[in-house]
1. If I ask for residues that are open to solvent by 30 Å² or more (accessible area, probe 1.4 Å), touching a residue at least 12 places away in the same chain (Cβ under 8 Å) and closer than 22 Å to L217 by Cβ, which ones from the range 174-189 would you list?
2. Which count do you get for residues in the range 38-55 that are in contact (Cβ under 8 Å) with a residue 24 or more places away in the chain, open to solvent by 60 Å² or more (accessible area, probe 1.4 Å) and of a type outside the set (S, T, Y)?
3. Regarding V59, is this residue under 33 Å from the mean Cα position of the chain (by Cα) and hydrophobic (A, V, I, L, M, F, W, C)?
4. Step by step: first the residues of the range 203-262, then only those that are among the basic types (K, R) and closer than 30 Å to K92 by Cβ, then the one that is surrounded by the fewest Cβ atoms within 10 Å (Cβ to Cβ). Which residue is that?
5. Failed condition for P8, given (1) open to solvent by less than 40 Å² (accessible area, probe 1.4 Å); (2) at pLDDT below 75, with all others met?
6. For residues that are surrounded by fewer than 14 Cβ atoms within 10 Å (Cβ to Cβ) and of a type in the set (A, V, I, L, M), scanning just the range 286-303, find the one that is modelled with the highest pLDDT.
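The values are calculated or read from the model by the stated rules, or taken from the named source; none is laboratory data. Keep in mind the model is a prediction, meaning the values are calculated, not measured. Cβ atoms come from the backbone with ideal geometry, glycine included; neighbour counts cover every protein chain shown. These accessible areas exclude ligands, DNA and RNA; they are computed on the full protein's heavy atoms, side chains included. Shrake-Rupley method; radii C 1.70, N 1.55, O 1.52, S 1.80 Å.
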Amino acid sequence: MSSILTNPSAITALQSLRATQQALANTQKEVSTGLKISSATDNASTWSIAETMKSDQGVLSTIGDSMTVSSSLLNIAQTAVTNAISVLNNIKSAVAQAAQPGADTAKIGTSLTGLSNQLKSIVASASFNGLNILDGSQSSFAFIASYTDGGGSTASALNTINLTATALIGGGGASPAVAAGSGILEAAQGTGATAATDFTNLSATDVASSSVITDSLTNADKAISDLTKYAAQIGATQTTVTGQAAFVKTLNEALTNGVSSLVDADMNEASTRLQALQTQQQLGVQSLSIANQNSQIILKLFQ
C-alpha cells in the first residue's frame with residue numbers, strides 16, 4: 001500500500017543511514033585519537049581496567065627512577081669503601097716502614113696524618129642526593145623496590161630492599177645514628193691489640209714504639225676486614241637493586257603493552273572500516289533519495 005502520510009521505505013533507509021553515520025563517527029574518532037576506547041562510554045569495564053593499569057604504570061615509572069638513584073648511591077658508597085681500603089693499605093705500609101731501624105718516624109707521622117685526612121675526605125664525599133651510607137647519619141636504608149596495588153579492597157604497599165648501614169666515621173648528619181668516634185675507622189681493635197686505633201687521626205705517636213706499631217698493624221687488618229665485609233654487603237644490595245630495577249622496567253613495558261592492547265585502535269582495521277562506511281553512507285543517501293521519490297510517483301497518478 002502506498003501512502004502520502006507514511007513512507008516505510010524512506011524510514012527504513014533513514015534508519016540504516018543513521019546507523020551508518022553513527023558507526024562512521026565512531027570510526028573517525030578511532031582514526032583521529034588512535035584509541036578504540038577513549039572514555040568509559042566506549043566500554044566501561046575495559047576502560048576501568050586500563051585506567052588502573054595506567055595508574056600502576058605511573059607508580060612503577062617513579063619507582064624505576066628511584067631505583068636509579070638508589071643504585072647510584074650504592075655505587076658511590078662501594079667506590080668509597082674500596083678507596084678507603086686502598087688508603088688503609090698505604091697506612092699499613094707506612095706503619096711497617098716505621099718499624100725499620102733508623103726510620104724517620106716524624107716524617108712517617110706526617111704522612112699518616114695526610115692519609116687520615118684522606119680517609120675523612122672519602123667518607124664525607126661519599127654523598128649522593130643528600131644521603132651518605134658511610135658517615136653514620138642513618139642506621140638503615142630502605143630502597144623502594146616494588147609496588148603492590150590493593151585495589152582499594154586491601155592495603156596497597158611499597159616494598160623495599162633494606163640495607164643496614166655501618167659507619168666508617170660516626171657522627172654524620174644533623175641527628176647521627178652512630179656516635180662520633182665509634183666508626184670502623186675510628187675504633188678499630190683487632191684480637192690481640194692492647195688498644196684501639198683511630199685511623200682518622202693518626203700521627204707519629206701511632207708508630208712511636210714497636211708495641212704501638214704492632215697494634216696499628218693489627219687494627220688496620222681489623223678495619224680492612226670490616227670494610228671488606230661491608231663492601232660485600234653494599235655490593236650484594238646493589239646487585240639486588242639493579243636486578244629489581246631491570247624487572248620493574250620489564251614490568252612497566254608489559255603494562256604499556258597491556259594498556260595498548262586494551263584501548264589502542266587497530267589502524268589498519270579502522271582505515272579499512274572507514275572506507276567501507278563512507279561507501280555505505282553514500283549508498284544510504286542514494287537509497288533515501290530513491291525512497292523519497294515514491295511521493296512523486298503517487299502525484300503522477302492524479303495527473
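1. Result: G181, S182, Q189.
2. 3
3. Details: under 33 Å from the mean Cα position of the chain (by Cα): yes; hydrophobic (A, V, I, L, M, F, W, C): yes.
Considered against the rule, which asks whether it is under 33 Å from the mean Cα position of the chain (by Cα) and hydrophobic (A, V, I, L, M, F, W, C), V59 comes out as yes.
4. We begin by selecting, within the range 203-262, every residue among the basic types (K, R); these are 222, 229, 249.
Then drop every residue that is not closer than 30 Å to K92 by Cβ, which leaves 222, 229.
Working: K222: 20, K229: 12.
Restricting to residues being among the basic types (K, R) and closer than 30 Å to K92 by Cβ, the top hit is K229.
5. All conditions pass for P8, except number (1).
6. Of everything passing the filter in the range 286-303, I290 is modelled with the highest pLDDT.
Yes/no per residue for (1) at pLDDT 90 or above; (2) open to solvent by 60 Å² or more (accessible area, probe 1.4 Å); (3) farther than 30 Å from T52 by Cβ; (4) in contact with a Lys or Arg (Cβ under 7 Å, 6 or more places away or on another chain):
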| site | (1), (2), (3), (4) |
| --- | --- |
| T166 | yes, no, yes, no |
| G172 | no, no, yes, no |
| T191 | yes, yes, yes, no |
| D198 | yes, no, yes, no |
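Residues checked against (1) surrounded by 14 or more Cβ atoms within 10 Å (Cβ to Cβ); (2) over 22 Å from A254 (Cα atoms):
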site	(1), (2)
A19	no, yes
A25	no, yes
Q57	yes, no
M67	yes, no
N83	yes, yes
